[in-house]
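Here the structure is laid out as structure tokens; the discussion comes afterwards.
We did not get these values from a lab; they are worked out from the coordinates using the rules stated. What you are looking at is a predicted structure, and each value in this text was computed from that prediction instead of being measured. As a convention, Cβ positions derive from the backbone with ideal geometry for all residues, glycine included, and neighbour counts pool all protein chains shown.
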Amino acid sequence: MTMRRAATALATTVASIALAGCAALGPTCPASALDLPPQALYGHWQARFDGSAETVELQLAPHPEYAGVRGSVRRTAGAGPATTAQLAGDVNDEGQLALDESVDGREISGVWVAELASQGCGTQLRGTRRNAADESIRSFTMIKIEAKQ
């Protein structure tokens, strides 16, 4: 083998190893929700409010009328009956997931705004929920439980 062929073979081997190493690391995590494909938002999420043991379940699916999401939020209050509200929204220009919540399907009862959390690689969101009735604001973390089937 000539010196030139040996150097080419060595360079090819090193490049192959480097590419295999990069592939093993997986894709780069998204910097904001703008970098997520819409399908990444579809599925079952759980939100936990800061300073509380309360959790709520969110189900998000494609919105039939525009490039956003539509779904529901389900709350359980101890031994009482669960309540469900409708959700609809999208990713805004600032890279935040913005969801309007409505108990009756007409008036907004709450507004959720969340950004991708630094951990979770697109499966965790941190944000606030504003209650429309009393303007109270609560911070939450949303974690993806499972993707939409």
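From most to least packed by mean Cβ count within 10 Å, the peptides 35-42, 97-104, 46-53 give 97-104, 35-42, 46-53.
Normalising by residue count, region 98-149 has a Cα convex hull of 91 Å³ per residue. Applying the criteria of a DSSP loop state and at most 16 other Cβ atoms within 10 Å to the trypsin sites (Lys or Arg not before Pro) of region 107-149 yields Lys148.
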